[in-house]
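Report on the structure given below.
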Amino acid sequence: MAQATAELLLDQTTAFRVAELFKALSDPTRVRIIGLLAHSELCVGDLARVLGMTQPAVSHQLRVLRHLNIVRGRKEGRHVYYTLTDEHIHDLFDQGLAHVRFG
């Protein structure tokens, strides 16, 4: 039993990366940004208007999310449009939302 349990133990690097992901999701502003990006690609200005925040404040949150590979940007002219990196993030957000809404 102890051998089987030891084989299931996450290595330190993986555990750290998962913890960092959940740490990023522990901030309500970042969760709101993820919620918006789960529905459409948006630029910093659009996010700032909808969230009622300054563009620098939104850019800071997006930097955190980009660093953790949660969002990615696509440059078009002077604007950078952000979207979720992949379906895993979308699914994680949806599951968290369902857990909160429906228990």
Requested in this report: Any chance you could get the radius of gyration and Dmax over the Cα atoms of the chain, in Å?
Outcome: 16.2, 58
Query - Helix-only [θ]222 nm of the chain, DSSP H runs n ≥ 4, -39500 (n - 2.57) each, per residue, nearest 500 - result: -20000 deg cm²/dmol
Report summary line: Env charge @ residue 64, Cβ radius under 13 Å, K,R +1 / D,E -1, value +2
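Values in this text are rule-based calculations from the coordinates and carry no lab data. Just so you know, these numbers come straight off a predicted model, no measurement behind them. With ideal geometry, Cβ positions are generated from the backbone for all residues, glycine too; neighbour counts draw on all protein chains shown.
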